[in-house]
């Protein structure tokens, strides 16, 4: 039975979402385009009206576009930033209705059923949407109908409104078949058959269409005409990990603040465990009775959700806070969160080195996590490229170091010494020291990696020798046969 309320769906299409976002940050008064590399060719990803009026279009090669429009300004596209911007617009759209979802990469869909009267009617609501988006510098086209498919079609193929109770076919019949959200190949095939509009398609027998094009074609047609329901899933808000504690009396002792922080950590970590997440950055805000506040930020080497491991790491920061006349409220927030699924533990050393992670976090609070680095093995026989230096907090320990020959503890750029012939010199001077060779082991021949450009290896092959001197120095020397010369590149322990 009809309950007296028609379902009303609004579709908002942003035809220049990427360029509008970029121009909001850095406006320009000229033809402008965003470029994206596809299959090795830099092509136009999005452009403004000024560029479109000069004959440019999406998918056009950037070099061709510059030839056609010499004053074209361009920047690299950022699809990830565009997705974040669209998500922010979906949150803005909840001011009109609670059901606001994302439609593809450049649109929103809103279920405004029962909400239009709060703005004075549907026309007033749509006018308010257009005005706010226009003030924000965002081009938008709106469609309003009883179904999601019909609203999508009206927004992208002739902006319009289908009045409540109107037959959807009457509102969509004149639109091209592409308005049914069909694949490009399917729409082109329908055009070749002479089925160019929605009315032409709806008038044809369904069985032959299903046999030739599959069930997806009829599904899209039924969704647009209201014969098949289509749900609108609102954008789920990301979980917000924050807890607070209000105190009846001010506190000022470090032990009291740590006790309150411990209570907050237990509640916060319980939420993190439920969602299998771990905190990477935590911020503790201490509100004083005089209205001022102090913050203690903790950056962890690994995502954690164990209160017992996190709490001691706060002690140094809390001890440095000036409590003033007392602290009456504490707030703890997980600023950065990463997935932390349960991991299998066993008896064969599979457990994570928790002690090392905690040590990195403790030292990182003093000198910064980015300043704690580790060496990782690299797949190269060239000494300078046989290792990588990575921040310890954002890298995993490498596997075993497979070295067929001993390598020096210290490696430095080659330093020339005086020597002749392919055999190591018996006596030589290095860093103002007179050294005498006691034992020489080698040679180990290393060839350059010809596929990489390296100025230091232009001399060609190198014959490396391990030299033990009578003065106690253990050096790593090499000789270049193609351009005769001797160099010192490392020192053993």
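Brief remarks follow.
- Only strands (runs of 3 or more DSSP E) whose full extent lies in the stretch 230-324 are considered here, and the ones with at least 1 residues that are over 15 Å from residue 337 (Cβ atoms), without any contact (Cβ under 8 Å) to a residue 12 or more places away in the chain and touching a strand residue (DSSP E or B) at 6+ places or on another chain (Cβ under 9 Å) are 242-251, 293-304.
- Of the helices (runs of 4 or more DSSP H) contained entirely in the stretch 12-113, those carrying at least 3 residues that are crowded, with 20+ Cβ neighbours inside 10 Å and either outside the structural domain of residue 156 (by TED's automatic domain parsing) or within 19 Å of the chain's Cα centre (by Cα) (or both) fall at 17-25, 79-93.
- Counted residues, the stretch 164-176 - those being surrounded by fewer than 22 Cβ atoms within 10 Å (Cβ to Cβ) and either in contact with a helix residue (DSSP H, G or I) (Cβ under 8 Å, 6 or more places away or on another chain) or within 20 Å of residue 203 (Cβ to Cβ) (or both): 9
- Only one of 144, 133 that is surrounded by 18 or more Cβ atoms within 10 Å (Cβ to Cβ), in contact with a helix residue (DSSP H, G or I) (Cβ under 9 Å, 6 or more places away or on another chain) and not in a helix (DSSP H, G or I): 144
- The residues of the stretch 385-400 that are under 24 Å from the mean Cα position of the chain (by Cα) and loosely packed, with under 13 Cβ neighbours inside 10 Å, listed by number, are 389, 394, 396, 397.
- Some residue of the stretch 340-355 being crowded, with 16+ Cβ neighbours inside 10 Å and within 23 Å of residue 372 (Cα to Cα): yes
- Of all residues in the stretch 191-201, those satisfying the criterion of being under 16 Å from residue 157 (Cβ atoms) and free of Cβ contacts under 8 Å to residues at least 24 places away in the same chain are 191, 195, 196, 200.
- Positions within the stretch 474-489 being at pLDDT 95 or above and either part of a loop (DSSP other than H, G, I, E, B) or farther than 18 Å from residue 418 by Cβ (or both), in sequence order: 474
- From the list 382, 372, 363, 417, the one residue that fits, being surrounded by 11 or more Cβ atoms within 10 Å (Cβ to Cβ), under 26 Å from residue 242 (Cα atoms) and at pLDDT 85 or above, is 363.
- Within the stretch 194-212, being in contact with a helix residue (DSSP H, G or I) (Cβ under 9 Å, 6 or more places away or on another chain) and either in a helix (DSSP H, G or I) or surrounded by 14 or more Cβ atoms within 10 Å (Cβ to Cβ) (or both) holds for 195, 196, 197, 198, 199, 200, 201, 202, 206, 209, 210, 212.
- Single condition residue 136 does not satisfy, out of (1) in contact (Cβ under 8 Å) with a residue 40 or more places away in the chain; (2) within 31 Å of the chain's Cα centre (by Cα); (3) closer than 30 Å to residue 217 by Cα; (4) in the same structural domain as residue 179 (by TED's automatic domain parsing): (3)
- Hits in the stretch 214-229 - residues which are in a helix (DSSP H, G or I), crowded, with 17+ Cβ neighbours inside 10 Å and touching a residue at least 24 places away in the same chain (Cβ under 8 Å): 217, 220, 221, 223, 224, 225
- Each residue in the stretch 366-384 was checked for being part of a helix (DSSP H, G or I) and within 26 Å of the chain's Cα centre (by Cα), and 3 of them qualify.
- Restricting attention to the stretch 423-447, the residues being buried (at least 16 other Cβ atoms within 10 Å of the Cβ) and either part of a loop (DSSP other than H, G, I, E, B) or on the phi > 0 side of the Ramachandran plot (or both) number 3.
The values are calculated or read from the model by the stated rules, or taken from the named source; none is laboratory data. Because the structure is a prediction, the values reported are computed rather than measured. Every residue, glycine among them, receives a Cβ derived from its backbone with ideal geometry; neighbour counts consider all protein chains shown.
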